[in-house]
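Notes follow the structure.
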Amino acid sequence: MTKGQGTNICHMKLTNTPERFGTVAIALHWVMALAIFGLFGVGWYMVDLTYYDELYKTLPFYHKSVGITLAAVLLFRIVWKLMNPTPKPLAGSSSFEKFAAKAAHLLIYVLLLAIVFSGYLISTADGLPISVFDWFFVPASITGIPEQEDIAGFVHEYLAYALMALVAVHAAAALKHHFFDNDDTLKRMLGTAPRSD
């Protein structure tokens, strides 16, 4: 890290400005990214577990607990986004790039909400509440839908695959901006972009 980068990070604001993402937005982005990748990996692995596997009950417990926590963080992030300005697109971005970025971000939020909700329907189909790290319980308020667990499970799985595909495109676009366009798109979300405000 250069001296300039360290100064940028030290002087970052909690809230966004028209030029920069704030510390809270950056932290939410990366914490959620790690949680999403972790949940996908655990979910992909645990679907093949049998009753006699040691992790048969453990992995679903943590998958649900982290999923509910992620849902709370997601709702907070949406509120935070509505309360803060979105940094302006960098100079040189085409109209298509601006539209594609907005559409991709909106679709990511929609997919996350749908994945969380379908996961809730899977977990509460039997009428039992969801234990979150044994700290508290989320009640089963929607039950009795015919084949609720199977339908919600199908939706949950394929929306998760769709989310991962969209995230891959999102990451590829960020890398394209960084390595080919030589702009500060990725640096702004890492908190290392030069200050201009």
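The values are calculated or read from the model by the stated rules, or taken from the named source; none is laboratory data. A quick note: this is a predicted structure, and the numbers were derived from the prediction, not measured. Note that we place each Cβ from the backbone using ideal geometry, even for glycine, and neighbour counts take in every protein chain shown. Keep in mind that these areas ignore ligands, DNA and RNA; they rest on the heavy atoms of the full protein, side chains included. Shrake-Rupley method; radii C 1.70, N 1.55, O 1.52, S 1.80 Å.
Remarks
- Remark on T17: its backbone amide H falls under 5 Å from those of G22, a criterion applied only to residues 5 or more positions apart or on other chains, H modelled at 1.01 Å from N.
- Accessible area per residue for the range 91-135, computed on protein heavy atoms with a 1.4 Å probe, is 60 Å².
- Helix-only CD estimate at 222 nm, as mean residue ellipticity for the chain, using -39500 (n - 2.57) per DSSP H run (n ≥ 4): -22000 deg cm²/dmol
- Percent carbon-and-sulfur accessible area, the chain, ignoring ligands, DNA and RNA, probe 1.4 Å: 70 percent
- In the context of the full protein assembly, S94 retains an accessible surface of approximately 50 Å², using a probe radius of 1.4 Å and ignoring ligands and nucleic acids.
- Taking the square roots of five times each eigenvalue of the Cα gyration tensor of the chain, the equivalent ellipsoid has semi-axes of 36, 18, 16 Å, listed largest first.
- Compactness relative to 2.2 N^0.38 Å, alpha carbon Rg of the range 21-135: 1.30
- Within the chain, the longest run free of trypsin sites (Lys or Arg not before Pro) that sit in a DSSP loop with at most 15 other Cβ atoms within 10 Å is 58-194.
- Vicinal HN-Hα couplings computed from phi for the range 97-108 (Karplus, 6.51 cos²θ - 1.76 cosθ + 1.60; Hz; Gly/Pro x): 4, 5, 5, 5, 5, 5, 5, 5, 5, 4, 5, 4
- Partner lysines for K102 [C-alpha distance under 21 Å; skip if fewer than 8 residues away on the same chain]: K81, K88, K176, K187
- Longest site-free stretch - the chain; sites: GluC sites (Glu not before Pro), DSSP loop, at most 16 other Cβ within 10 Å: 55-146
- Net charge of neighbours whose Cβ lies under 14 Å from the Cβ of L121, counting Lys and Arg as +1 and Asp and Glu as -1: -4
- Under the Karplus curve 6.51 cos²θ - 1.76 cosθ + 1.60, θ = phi - 60°, whole-Hz ³J(HN,Hα) for the range 161-171, x wherever Gly or Pro sits: 5, 4, 4, 5, 5, 5, 5, 4, 5, 4, 5
- Angle in degrees between helix 23-46 and the longest Cα principal axis of the chain, rounded to the nearest 10: 40 degrees
- From phi via Karplus (6.51, -1.76, 1.60), per-residue ³J(HN,Hα) for the range 74-84 in Hz, x at Gly/Pro: 4, 4, 5, 5, 5, 4, 4, 5, 5, 8, 10
- Positive minus negative residues near L39 (Lys, Arg vs Asp, Glu; Cβ under 13 Å): 0
- A 1.4 Å probe over all protein chains sorts W135, W44, W80, W30 by accessible area into W135, W44, W30, W80, starting with the largest.
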